[in-house]
Amino acid sequence: MKVELFDFHLPEELIAQTPLEDRTSSRLMVVNKKTGDLEHRSFKDIIEYINPGDCLVLNDTRVLPARLYGEKEDTGAHIEVLLLKQQDGDKWESLVKPAKRVKVGTVISFGDGHLKAVCVQELEHGGRVLDFQYDGIFYEILEELGEMPLPPYIKEKLDDQDRYQTVYAKERGSAAAPTAGLHFTEELLDSLEKKGVHIAFITLHVGLGTFRPVSVDDVDSHEMHAEFYQLTKGTADLLNKVKENGGRIISVGTTSTRTLETIAAAHDGVFKEQNGWTNIFIYPGYEFKGIDGMITNFHLPKSTLIMLVSALAGRDEILHAYKTAVEMRYRFFSFGDAMFIC
């Protein structure tokens, strides 16, 4: 299957640069995965499409202010660092720019030496393993010196850093937000619960794969990068009970989807307490074992994310939906509008 099959024309002006003032005021395209029919609503109307007994599964990962600007200690050259994944102790897998200036042994200083990092390993594609040195608590220093790592297609400065966090963000560790969840407010979640909808949380820390394009011609040749996930016993028991009672499992975002499918695929459609690393790659031909529906944003052309939603709703149906979204001036990507595949 060729990657080109997932391409579409996207005018640059449709890439949302800033979040809407009201999280729930984004537009919502509802896609019936059986018929391909489309409806156009406001996101706050999602409550009309989720039934009592259904379960909404949210990714409670919290984005780190993981972009740091420092200087090489010996030359003063400016270095940009994006933390991606914590390894042992204070070692972090990172993206570094310009990478050619950072070799093993290079020392980078941040905040007038308040935080330092030594490069201990060179990886491909600008990746480096940095060993950090500091006095105090690392995450407090990061909150002071770091910036939110907005995706490269967002050129505008984010005035309120919390707008790149979900309202239920809890577990620190992501290099990017699970953006489908940005549409929810605490009030909307309360209304769903009062309707009888179950709310469940999983964790998947979004990592390096988010920043890597598909660089092969054939989908089958692409390899996903591993990301850490966790599903608790309480959540597993709830999901199994919902399925037994005939309710739907509705994942919020591709990260929740990949976590649920990783676990369900390993246990014949049953959810079990589990944590680890997943590199599951979902594209057309995949048979879903965990979820029944998904809330998601509109994704990049030829990305693994549009392949995932195509697996759930059909490639032709998704490309038709995206063509319609462009014609109707939907807003795309992280701060854009939403789609509900049901």
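The values are calculated or read from the model by the stated rules, or taken from the named source; none is laboratory data. Owing to the predicted nature of the structure, the values given are computational and were not obtained by experimental measurement. Because the Cβ atoms are built from the backbone with ideal geometry, glycine has one as well, and the counts that use them run over all protein chains shown. For the accessible areas, the whole protein counts, side chains as well, though only heavy atoms, and no ligand, DNA or RNA atoms are used. Shrake-Rupley method; radii C 1.70, N 1.55, O 1.52, S 1.80 Å.
Does the stretch 67-147 come out rounded, prolate or oblate by the C-alpha gyration tensor, with a ≥ b ≥ c the root eigenvalues, rounded set by a/c under 1.5 and, if not, prolate when a/b is larger than b/c and oblate if not?
Oblate is the answer for the stretch 67-147, as a/c is 1.5 or above yet b/c matches or exceeds a/b.
Once the piece of chain linking residue 223 and residue 100 is laid out straight, how much longer is it, given 0.36 nm per residue of separation minus the C-alpha distance between them?
41.8 nm
Return the FRET efficiency for the residue pair residue 328, residue 233: r is the Cβ-Cβ distance, R0 is 30 Å, and the value is rounded to the nearest 0.05. Mind dumping the intermediate values first?
On the way: r = 43 Å, r/R0 = 1.45.
Efficiency computed from Cβ-Cβ geometry: 0.10.
With +1 on each Lys and Arg Cβ and -1 on each Asp and Glu Cβ, how big is the dipole of the chain about its Cα centre, in debye rounded to the nearest 20?
Dipole about the Cα centre, nearest 20: 440 debye.
May I ask for the net charge around residue 323, where only other residues with Cβ less than 12 Å from the Cβ of residue 323 are counted and Lys, Arg are +1 while Asp, Glu are -1?
For residues surrounding residue 323, the net value is -4.
Suppose every K and R has +1 on its Cβ and every D and E has -1 on its Cβ; what is the size of the dipole of the stretch 67-147 about the Cα centre, in Debye to the nearest 20?
440 debye
Quick one: angle between helix 304-313 and the longest Cα principal axis of the chain, in degrees between 0 and 90, rounded to 10, please.
10 degrees
Please work out which option in (1) 25, 37, 26, 12, 0; (2) 29, 52, 17, 2; (3) 30, 57, 13, 0 gives P(r) over Cα pairs in 20 Å bins from 0, in percent calculated from these coordinates, and answer with its label.
For P(r) over Cα pairs in 20 Å bins from 0, in percent, the calculated option is (3).
Compute the Cα gyration tensor for the stretch 1-134, then decide on rounded, prolate or oblate, letting a ≥ b ≥ c be the square roots of its eigenvalues: rounded whenever a/c is under 1.5, prolate when a/b is larger than b/c in the other cases, and oblate in all that remain.
It is prolate, given that a/c is not under 1.5 and a/b is the larger ratio.
When the accessible area of the stretch 66-200 is split by element with a 1.4 Å probe, what percent falls to carbon and sulfur?
43 percent
For the chain, what does -39500 (n - 2.57) per DSSP helix run (n ≥ 4), summed and divided by total residues, give at 222 nm, in deg cm²/dmol to the nearest 500?
Calculated mean residue ellipticity at 222 nm is -6000 deg cm²/dmol.
Run the numbers on the stretch 208-293 and let me know its relative contact order in percent, using alpha-carbon pairs under 8 Å that are six or more apart. Can you show the working numbers first?
Values: 101 pairs, mean separation 32.3, N = 86.
It rounds to 38 percent for the stretch 208-293.
List the lysines whose Cα lies under 29 Å from the Cα of residue 2, skipping any in the same chain that are fewer than 8 positions away.
Here the lysines satisfying the reach criterion relative to residue 2 are 33, 34, 289, 302, 323.
Check the straight Cα-Cα distances from residue 116 and name the aspartates and glutamates below 12 Å, setting aside those fewer than 8 residues away within the same chain.
Residue 116 reaches 71, 73, 90, 131, 135.
Near the amide H of residue 15, under 5 Å away, which other amide H atoms are found, from residues 5 or more places off or on another chain, if H is placed in the peptide plane?
332
Among the aspartates and glutamates, which fall within straight-line cross-link reach of residue 170, defined as a Cα-Cα distance under 16 Å, with same-chain neighbours fewer than 8 residues apart omitted?
Leaving aside aspartates and glutamates fewer than 8 places away in the same chain, those within reach of residue 170 are 60, 140, 143, 162, 186.
Net charge near residue 91: determine it from the other residues with C-beta under 13 Å of the C-beta of residue 91, scoring Lys and Arg +1 and Asp and Glu -1.
Summing Lys and Arg as +1 and Asp and Glu as -1 gives -2.
Placing +1 on the Cβ of each Lys and Arg and -1 on the Cβ of each Asp and Glu in the chain, which of 109, 335, 298 has its Cα farthest towards the positive end of the resulting dipole?
Sorting the options by dipole projection puts first 298.
Quick one: net charge of residue 266's neighbours, Cβ under 11 Å, K/R +1, D/E -1?
So the surrounding residues net to 0.
Is the stretch 110-250 rounded, prolate or oblate when judged by the Cα gyration tensor, a ≥ b ≥ c being the square roots of its eigenvalues, rounded requiring a/c under 1.5 and prolate requiring a/b larger than b/c?
Details: a/c = 2.00, a/b = 1.50, b/c = 1.33.
It is prolate, given that a/c is not under 1.5 and a/b is the larger ratio.
By how many nm would the segment from residue 133 to residue 266 grow when fully extended, if each residue of separation counts as 0.36 nm and the alpha-carbon distance is taken off? Write out the running numbers ahead of the final one.
Details: separation 133, 0.36 × 133 = 47.88 nm, distance 3.97 nm.
Result: 43.9 nm gained on full extension.
Quick check: the distance between the Cα centres of the stretch 1-41 and the stretch 275-342, to the nearest angstrom?
With the stretch 1-41 and the stretch 275-342 each reduced to a Cα centre, they are spaced 9 Å.
Quote the relative contact order of the chain in percent (integer), defining contacts as alpha-carbon pairs under 8 Å separated by 6+ residues.
25 percent
Between residue 159 and residue 49, 0.36 nm times their residue separation minus their Cα-Cα distance comes to what?
Contour length minus Cα-Cα distance gives 36.3 nm.
By how many degrees, between 0 and 90 and to the nearest 10, does the Cα long axis of helix 315-327 differ from the longest principal axis of the chain?
Taking the Cα atoms of the chain, the angle to 315-327 is about 80 degrees.
Once both axes come from the Cα atoms, what is the angle between helix 186-195 and the longest principal axis of the chain, in degrees from 0 to 90, rounded to 10?
Roughly 30 degrees between the two axes.
In whole angstrom, note down how far apart the Cα centers of the stretch 72-133 and the stretch 186-240 are.
With the stretch 72-133 and the stretch 186-240 each reduced to a Cα centre, they are spaced 29 Å.
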